[in-house]
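Q: Got a structure here, written out as structure tokens. Questions coming.
The values are calculated or read from the model by the stated rules, or taken from the named source; none is laboratory data. Note that the coordinates shown come from a computational prediction; the quantities given were computed from them, not determined experimentally. Neighbour counts are summed over all protein chains in view; Cβ atoms, including those assigned to glycine, are modelled from backbone coordinates with ideal geometry.
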Amino acid sequence: MFHPIHNGTNHFVPTQTQTPNLNLMLHPYLTPLFTRASFRSLTMSLLHSNPNPIKTRIRGVVFDMDGTLTVPVIDFPAMYKAVLGKDQYFKIIGSSPSGIDILHHIEQWSPDKQQKAYEIIADFEQQGLDRLQIMPGAADLCDFLNSRNIRRGLITRNVKSAVDLFHEKFGMSFSPALSREFRPYKPDPAPLLHICSTWGVEPTEVVMIGDSLKDDVACGKRAGAVTCLLDETGRYDSPKYANVEHKPDYKVSSLAQFHLLLESNFDLTP
Ligand SMILES: [Mg+2]
């Protein structure tokens, strides 16, 4: 009965001490990131633990935008190849298993080359905006957070105009909503720390959720927040992600699962 909990994800290790919650056992499709060994000790501690363990208090949720609140439509590998050239793309991807930080690469280039690269990226992003769709479960999740008065923030490496269009289409606001005009951007923890100080909450009282291990999870972990990776397709189960520096505390495959995770595993008190 425990198999689904660690199936395929036992290479992830929790890096944050959190009180194990019995509800976890009732929702095996939520994927807390335990090793087999730590899972065994978790099972033992559950047998002897208080039936009403103290849950971690969460006062705010910070979302990534593209691929998290919106359906992923930007073909990132195609965009990286167009910007870097195929040879450079394969060279970089070979040496950075968690993914390419394209904005970081561009920053080292000459102004002319940079401008060309930004134009290519803007083209891909525009195509993404033309086909923008809200992620299933996003509206229900935001209604739920509203009902609990839990703060909602947003951090994206996309531009402000994309955030504005998203707000317009979605009809619910995220504040602060930081785009790539806010420097330094993810995976630097600065935008998340900025949101926490604006809200007057500790980073440990915030969950950062996103579909990127290298940007969202890294940003969240560096800031000291609880992190949740949205992995719709299970691509992060691949062994190539086994040794990445920043590992998420939780992994879900939909926003509906994230909703369930928040409701069952955390004390949502604003
Ligand atoms: Mg994303």
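Q: Here is a list of conditions, (1) out of contact with any Leu (no Cβ under 9 Å at 6 or more places or on another chain); (2) farther than 27 Å from Tyr241 by Cα; (3) more than 16 Å from the ligand (Cβ to nearest atom), and Asp140 meets all of them except one; can you say which number that is?
A: (1)
Q: Could you list all residues from segment 109-148 that are farther than 24 Å from Val217 by Cα and not in a helix (DSSP H, G or I)?
A: Once the filter is applied, which keeps residues that are farther than 24 Å from Val217 by Cα and not in a helix (DSSP H, G or I), segment 109-148 yields Trp109, Ser110, Arg131, Arg148.
Q: Can you spot a residue in segment 119-133 that is surrounded by 13 or more Cβ atoms within 10 Å (Cβ to Cβ) and at pLDDT 95 or above?
A: There is at least one residue in segment 119-133 that is surrounded by 13 or more Cβ atoms within 10 Å (Cβ to Cβ) and at pLDDT 95 or above.
Q: Inside segment 137-153, can you point out the residues that are farther than 11 Å from His259 by Cβ and either of a type in the set (Phe, Trp, Tyr) or loosely packed, with under 12 Cβ neighbours inside 10 Å (or both)?
A: Within segment 137-153, Asn146, Ser147, Asn149 qualify.
Q: On to the next question. Output yes when any residue across segment 200-208 is touching a residue at least 24 places away in the same chain (Cβ under 8 Å), within 25 Å of Gln127 (Cβ to Cβ), touching a helix residue (DSSP H, G or I) at 6+ places or on another chain (Cβ under 9 Å) and within 16 Å of the ligand (Cβ to nearest atom), and no when none is.
A: no
Q: Moving on to the next point. Which of the following residues is β-branched (Val, Ile, Thr) and either part of a strand (DSSP E or B) or in the same structural domain as Phe124 (by TED's automatic domain parsing) (or both): Thr227, Thr204?
A: Of Thr227, Thr204, the one residue that is β-branched (Val, Ile, Thr) and either part of a strand (DSSP E or B) or in the same structural domain as Phe124 (by TED's automatic domain parsing) (or both) is Thr227.
Q: Are any residues in segment 143-176 more than 16 Å from the ligand (Cβ to nearest atom) and either in contact with a Pro (Cβ under 8 Å, 6 or more places away or on another chain) or among the hydroxyl-bearing types (Ser, Thr, Tyr) (or both), and if so, which ones?
A: Correct list: Ser147, Arg148, Asn149, Ile150, Arg151, Ser161, Ser173, Ser175.
Q: Among the listed residues Cys219, Cys196, which satisfies the condition of being more than 16 Å from the ligand (Cβ to nearest atom) and farther than 18 Å from Val71 by Cβ?
A: Cys196
Q: Check Pro184 against each of (1) exposed (fewer than 15 other Cβ atoms within 10 Å of the Cβ); (2) of a type outside the set (D, E, K, R); (3) over 28 Å from Val244 (Cα atoms) and name the one condition it does not meet.
A: Failing condition for Pro184: (3).
Q: I'd like to check something: does segment 230-244 contain any residue that is under 23 Å from Pro270 (Cα atoms), at pLDDT 95 or above and crowded, with 23+ Cβ neighbours inside 10 Å? Before you say what the answer is, go through the steps one by one.
A: Residues of segment 230-244 under 23 Å from Pro270 (Cα atoms): none.
No - not one qualifying residue is present in segment 230-244.
Q: If a residue has to be at pLDDT below 95, aliphatic (A, V, I, L, M) and not in a helix (DSSP H, G or I) to count, how many in segment 149-180 make the cut?
A: Number satisfying all stated conditions: 2.
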